[in-house]
Structures are given as C-alpha cells and as structure tokens.
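Below is one structure; the comments refer to it alone.
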Amino acid sequence: MKIKYLTFLLFIGCRHNGSILPHVKPVVEAVYASGFVVSKDEYQIFSQVDGYVVEIIAHEGDQVKKDEPILIIEGQQQHARYRIAKDNYALAIKNNRLDSPVLMEAKAAMETAQVKLQFDSIHYLRYTNLWKSNAIKQNEYDQAKLNFDNSRLTYQLQQNRYQKVKDQLNNELTNAQNNLKITSDETGRYIVKSNFDGRIYKITKVQGELVRRAEALVTFGRNDAFYLQLSVDELDIRKIKKGQKIKTQIDAYGSRVFEATVTQVYPMVNQREQAVRVDADFTTPLPDGLSGLAVEANIIIREKENALIIPKSLLLAGDSVRTSDGKKRKVVCGIETLDEVEIIQGIEATTPLIK
C-alpha cells in the first residue's frame, strides 16, 4: 500500500530577488489510510443445519428486533427426527399412566400372586395345626409349606417386577422428554433470528435455495452506529496510537470531510497487503446508515498552528539549506509532509533560500 503524507493547506512561498522565503503557517503530518465504513457489532449468521430456504421473512435493509425471524430453513431428516421423538414422548406418557396396558399387566400379575399367597398362607396355617394334632401326614404338611414358600417368593418377585416396570417407564419418559427438547431446539436452529435490534445488510440466499451447514446466510449489524475499518502500511503503524484524530472522505458523500478517532490498533500484520488494521469511531455522524462504503482517511500524527515551512525541494542532504549568498546552513527539521518540511532551528522567516 502506498503511504501519503498530506497537508491541508498548500505552501505559498514568497520569492525575493529569485530566492524563496520560508513561510509561517499551520501544518499537519498525517498517515494515509484506506478502508471501509462498517456497522457496529456487524457479524454473519451461519447455518447450523443442511436444508432448503422455504421462507424469507425479512429482507435486506429491514430493521428487525432481537429474536425476530429472518428466514426459515427446512430439512427433511431433522423433521423426521422430531416426529419420531414426539411420538416416542407421547407413547412414554401413555405407558406411564396407572391404567396403561404395560403397568396393568404387571399389576395384575402381582395381585394374582398376592391372592395365591393369601390362599396358600391360610392353607399352610390350617395344615400346621392339623400336623401338630397328628391329623395329617408329614408329606401333606410339607407340601402345604412348600406351596406357601413358593407363593411368597412369587409375590415378592412380582412386586419387584412391578416396581421395575414403573421405574423403567419413568426413565423412558424422562429420556423421551429430553430427546424431544433436543430435537425441538434443533428445529429452532432452522429459524434464523437476530441476536439484537439491528439491520439486515445482506442475505446470501433466495427462497428454495439449498443451504449447507456452516454456510453464511445473513450479514447483520446495528443501524445506529458505525465505525471505520482502515488499513495502515506496516512501515508507519508505530506512529498510530489510540485517541489520534482522523479526517476522512467517503466517496458516496463527495468532498465532505468526516472526523473520527482511533480506537483500536491491531497487532497482526496482513501479510498479503503488508498492512495493519486500525479501527476508529466517528465523531461526525453519518447521514445515512450504509455499511461497506469505501473511505480514504488521514490519521493526524502531529500538527502545529504556527510552523516555519519551506518546500522539501530546498532541503539538501544532511538536513541543510542554501541561503541566497550561496552558503550552506545546517537546520533542524520537524514535521514533514509530502511536499514540505518544518524548520525548527537554523534559519529565520526572513532568511532567503535558493536551490
């Protein structure tokens, strides 16, 4: 990138018998930069899914509120997953009811085992009394006891089975509910929304177009605040500091000059452009909310109201000048621009100079 140092007032030298007198005037040293106007908080919204654009709700230039939908993407696979999750959740709710067939079956088996246990318990108690009075044989008593023990064990097993079925169905309900929530959240990703109140600057898709995951869909940003995103040659970046004033012209507004202030100097050099990014906030408001406008800017490094100025063509090697009598005189230079240089020491405003 070519760097330009500009003065905002042209040099007007006074000639005296073929010589040139230094001139006192305001002078500004500035670093040239180019770049763009960018909306504050501008970012791109990327698709999180594969699908097709089925509806574009808002359009380029529209101002939208936070969480308002911009466009809708439809993907058949995701919708199928959502329908399956919804059906599984409905089935899990049905199975968890007390009158559900699964629970009723387990409960019936438990109640049947309980009835048999009660019968075998009474039978065993009666046979125990008969056995004690020697009214029945030993093997009849043993069979009654065996039936009672088996019934008690069966009842305990059916109780455990019923509780296990209840726990399993409850766990399936929780899993189905969580899965439905996940797929519902995925469905929400298909509705592209804004993260804050702002303006749509660009939509890259049209209705019916295929969308791939991680593909940029929308450029979105604020519509009430803008900043300058500039490039400064790496050779001059050490001169740039936060707080420095900027005067800039924007092609769209002709010769009108806007003012800004440096807010950020980035540490990374763009190797392709051999330049460094510099951001600046406007102190002069823009009349229109347009992002992406090309700009040329002068970052003011130094300025002086009353400086002793000579044309740079009069400055000899070794920082000296030639007076009208042909003698060389050593000088101390200050601010330099593209065509002029400030002389701090060595000559006066009345010293005539020649080339």
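Just so it is clear, none of the values below were taken in a lab; they were calculated from the coordinates. Note that the structure is a prediction, hence the values are computed from the model and not measured. Neighbour counts run over all protein chains shown; Cβ positions are idealised from the backbone, glycine included.
Compute the length gained on full extension between F36 and D67: take 0.36 nm times their separation in residues and subtract their Cα-Cα distance, giving the result in nm to one decimal. Before the final figure, lay out each step's value.
On the way: separation 31, 0.36 × 31 = 11.16 nm, distance 2.82 nm.
So the chain would gain 8.3 nm between F36 and D67.
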Practice item. Determine ³J(HN,Hα), in whole Hz, for all residues of the stretch 100-113 in sequence, where each value follows from phi through the Karplus function 6.51 cos²θ - 1.76 cosθ + 1.60 and θ = phi - 60°; x replaces Gly and Pro. Key: 5, x, 5, 5, 4, 5, 5, 5, 4, 5, 5, 5, 4, 5
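How many percent of Cα pairs in the chain exceed 38 Å? Show your work: numbers first, answer last.
Working: 36024 of 62835 pairs.
Every Cα pair in the chain considered, those over 38 Å come to 57 percent.
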Check your understanding: GNM on the chain, C-alpha springs below 10 Å: top fluctuator among Y141, Y89, Y190?
Key -> Y141
Practice item. Determine the principal axes of the Cα atoms in the stretch 77-189, then give the extent along each, sorted from largest to smallest and rounded to whole angstroms. Key: 82, 17, 15
Check your understanding: Based on the Cβ-Cβ distance from R152 to T174, what FRET efficiency comes out when R0 is 25 Å, to the nearest 0.05?
Key -> 0.15
Review point. What residue among W131, L290, Q63 has its Cα farthest toward the positive end of the dipole of the chain, where the charges are +1 on Lys, Arg and -1 on Asp, Glu, each on the Cβ?
Key: W131
**Study point:** Zone residues, the stretch 144-181, relative to L130, backbone N less than 11 Å from point 7 Å out along Cα-to-Cβ
**Key:** 144
Practice item. For the chain, with a Gaussian network of springs between Cα atoms less than 10 Å apart, report the residue from Y227, Y162, Y43 with the top mean-square fluctuation. Key: Y162
Check your understanding: Which residue, I310, I301, I122, has the most motion in a Gaussian network model of the chain that connects Cα atoms within less than 10 Å?
Key -> I122
**Study point:** Rg in Å to one decimal, and Dmax rounded to a whole Å, for the stretch 210-303 via C-alpha atoms
**Key:** 15.4, 56
Practice item. Compute the acute angle (0 to 90°) between the alpha-carbon long axis of helix 138-189 and the principal axis of greatest extent of the alpha-carbon atoms of the chain; round to the nearest 10°. Key: 20
Review point. Residue farthest toward the positive end of the dipole of the chain, with Cβ of Lys/Arg at +1 and Asp/Glu at -1: which of S19, S320, V206?
Key: S320
Check your understanding: Sorted by average packing, counted as other Cβ atoms within 10 angstrom per residue and highest first, what order do 341-350, 265-274 take?
Key -> 341-350, 265-274
